[in-house]
């Protein structure tokens, strides 16, 4: 992978995660938002490598909003871009 693209990609992923954190906080899901922010900061503050990029992408997908018309996480499953994601237990705020 081109180092310049990684240097551009990681900050963009981190910014997207922080945007999602703000959305979660706005929905009153502060515990989930805090966990997401903490994990993102931990990943982002270490080595900027391909593995870090994959981990940030995974974190963003784990906390993505369900597609319109799809069941929410509290229903036991949700979809991201047409693929079924693993069900996650709902965070208690």
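Quick look at the values:
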| quantity | calculated |
| --- | --- |
| Matching option when the condition is at pLDDT 50 or above and under 27 Å from residue 6 (Cβ atoms), among 81, 42 | 42 |
| Complete set of residues in the range 24-43 that are surrounded by fewer than 13 Cβ atoms within 10 Å (Cβ to Cβ) and either within 14 Å of residue 64 (Cβ to Cβ) or touching a helix residue (DSSP H, G or I) at 6+ places or on another chain (Cβ under 8 Å) (or both) | 27 |
| Residues satisfying the stated conditions in the range 12-23, i.e. within 12 Å of residue 57 (Cα to Cα) and loosely packed, with under 13 Cβ neighbours inside 10 Å | 12, 15 |
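The values are calculated or read from the model by the stated rules, or taken from the named source; none is laboratory data. Here the structure is a predicted model, which is why all the values come from computation and not from measurement. Cβ: placed from backbone, ideal geometry, glycine included. Neighbour counts: every protein chain shown.
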